[in-house]
Amino acid sequence: MPDTAAVTERDSDAPDVGELTPPDRTLMGPGPSDVHPRVLNAMSTPLVGHLDPSFVEIMNEVQELLRYTFRTDNQWTIPVSGTGSASMEAAVGNLVEPGETMLVPTNGYFGGRMQSMAERAGGEVVTVDAPWGEPLDPVDVQQAFDEHQPDVFGFVHAETSTGVLQPNVSELTDIAHDHDAYVIADCVTSLGGVEMRVDEWGVDAAYSGPQKCLSCPPGASPLTLNDRAMDKVLDRDEQPRSWYLDLSLLEGYWGDDRSYHHTAPITNVYALREALRLVAEEGIEERWARHRAVAGELKSGLQEMGLEMNAPDEYWLPSLNAVRVPDGVDDGAVIQHLLDEYDLEIASGLGDLAGDIWRIGCMGHSARRKNVEYVLAAVEDALAEQRF
């Protein structure tokens, strides 16, 4: 028999943690976005094993749905087990070999993350410059290629830190391919919300996160590579520095063999499948149009208050609206007021734009007119508190 006194003493040392009761927020920041009830319901369904025949069929369905959403026929299209940064590092860490040169942009926070990942992979990094708040100019990209002859070129399609959408994607990929370079596209804030055509635009590899325009909890992050890029991965002279994100090993699990590599985040894959089903039911082009229309109403309402967008109209990113903080207004106080009084989340700026902008998302299930009306009323009230 156990010593009752000893058991009681041990129990008294246990943490006293109550039932989980997070606040019920309206998520209108840079991510995550509100999750559709169907996706939450999918996450409550029973687990099966990660090699169960039924889960293998689910894997096939997720891959097909991802191909539709990326607008690609790439065989090698998978959800990476991890957040969007994991799919980012899988793309960069597998395509950049030690001693190779990667060209990265300087016009936002996430170009800097590309640089860090390429350097950790053993690559040499060179940059193509543009101010924060502007896209890359194809002329500058051409000059950077002529000067540096990079092996890999990365660009951010939808820069979350600045609210800028990169136009002229095909022009950029044509320049890279004329120099036999590989193109990696950051689609974290565009996939499922802003027009992105991987095959038509000549992108060799693209990655995303599920928690933005797909309105899915983070944990299984989209990645696609064409045959040219995957051939490079499989023909490397040196193994990638990450075992977990080595695509030549993941190919055994997500390819034809379905052999064990790691235990996939089964519940997150369920969630991603349901989120992608919602994309397919709505229609990808209709979904792009909805984001533009609803975010357009948000943008117009903010401008009617006298607020200024960070990005010019021609580079405006519907899924992430970067709004200039007016002179004399405390950006943090506005954010806190929205949380305290409205259970509403928006975010401040990153990097060079910290304190200068608010970042207001309009993504996925959050991109609804009632949410836009709620944000506009709440922001107006918060500004009135500061007599703006």
Accessible area of residue 173, 1.4 Å probe, to the nearest 10 Å²? 0 Å²
How high is the relative contact order of the chain? Use alpha-carbon pairs under 8 Å, at least six apart in sequence, and give a whole percent. 24 percent
If you roll a 1.4 Å probe over the heavy atoms of the protein chains, what accessible area per residue do you get for the chain, in Å²? 43 Å²
How large is log10 I(q)/I(0) at q = 0.11, 0.13 Å⁻¹ when the Debye formula is applied to the Cα atoms of the chain, each weighted equally and without solvent? -0.80, -1.06
For region 70-122, report the % of Cα-Cα distances exceeding 16 Å. 48 percent
Between residue 234 and residue 354, what FRET efficiency follows from the Cβ-Cβ distance if R0 is 30 Å, with the result rounded to 0.05? 0.15
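I need to check one value: relative contact order of region 231-335, counting alpha carbon pairs closer than 8 Å and at least 6 residues apart, in percent. Can you show the working numbers first?
Numbers: 44 pairs, mean separation 13.8, N = 105.
It rounds to 13 percent for region 231-335.
Express the carbon and sulfur contribution to the solvent-accessible surface of region 147-294 as a percent, rounded to the nearest whole number, probe 1.4 angstrom.
Details: 2200 of 5220 Å².
Carbon and sulfur together cover 42 percent of it.
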Which residues' amide hydrogens lie under 5 Å from the amide hydrogen of residue 153, considering only partners 5 or more residues apart or on another chain, with H built in the peptide plane? 103, 182, 183, 184
Can you compute 3J(HN,Hα) from phi for each residue in region 371-382, using the Karplus curve 6.51 cos²θ - 1.76 cosθ + 1.60 with θ = phi - 60°, rounded to whole Hz and x for Gly and Pro? 5, 4, 4, 5, 4, 4, 5, 5, 5, 4, 5, 5
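Put 147, 159 in order of accessible area, largest first, 1.4 Å probe: what do you get? List each step's numbers first, then the result.
Values: 147 135, 159 5 Å².
Correct descending sequence by accessible area is 147, 159.
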Gain upon complete extension [residue 227, residue 282; 0.36 nm per residue less C-alpha separation]: 16.9 nm
What are the ³J(HN,Hα) values, in whole Hz, obtained from phi via the Karplus relation 6.51 cos²θ - 1.76 cosθ + 1.60 with θ = phi - 60°, for each residue of region 165-172 in sequence order, with x given for Gly and Pro? 9, 7, x, 6, 4, 4, 5, 5
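Please report the equivalent ellipsoid semi-axes of region 152-292, computed as sqrt(5 x eigenvalue) of the Cα gyration tensor, largest first, in whole Å. Present the calculation step by step, with values, prior to reporting the outcome.
Numbers: eigenvalues 123, 104, 31 Å².
Each semi-axis is the square root of five times an eigenvalue, giving 25, 23, 12 Å.
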How do 337, 157 rank by accessible surface area computed with a 1.4 Å probe, from largest to smallest? 337, 157
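Rounded to the nearest 500, what is the chain's calculated 222 nm mean residue ellipticity when only DSSP H runs of at least 4 contribute -39500 (n - 2.57) each, over all residues? Each step should come with its number before you reach the end.
Values: 13 runs with 162 residues, N = 388.
So the helix-based figure for the chain works out to -13000 deg cm²/dmol.
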Using amide H atoms built in the peptide plane, which far-off residues or other-chain residues are under 5 Å from residue 211 H to H? 216
Between beta-carbons, use under 12 Å as the cut-off and find the net charge around residue 310, counting Lys and Arg +1, Asp and Glu -1. -3
On full extension of the chain, what length is gained from residue 380 through residue 308, given 0.36 nm per residue of separation minus the C-alpha to C-alpha distance? 24.5 nm
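Given the Cα-Cα distance of residue 339 and residue 24 and 0.36 nm per residue of separation, how much length would full extension add, in nm?
Numbers: separation 315, 0.36 × 315 = 113.40 nm, distance 1.05 nm.
In short, 112.4 nm is gained.
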For residue 26, which sequence-distant residues (separation of 5 or more, or a different chain) have an amide H within less than 5 Å of its own amide H, given hydrogens modelled in the peptide plane? 344, 345
How many nm is it between the label spots at residue 242 and residue 137, if each spot is 7 Å from the Cα in line with the beta carbon? 3.4 nm
Phi-derived 3J(HN,Hα) across region 76-82 with the Karplus relation (6.51, -1.76, 1.60, θ = phi - 60°), rounded Hz, x for Gly and Pro, is 8, 9, 9, x, 6, 6, x
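The values are calculated or read from the model by the stated rules, or taken from the named source; none is laboratory data. Note that the coordinates shown come from a computational prediction; the quantities given were computed from them, not determined experimentally. Every residue, glycine among them, receives a Cβ derived from its backbone with ideal geometry; neighbour counts consider all protein chains shown. The area values use the complete protein model at the heavy-atom level, side chains included, leaving out ligands, DNA and RNA. Shrake-Rupley method; radii C 1.70, N 1.55, O 1.52, S 1.80 Å.
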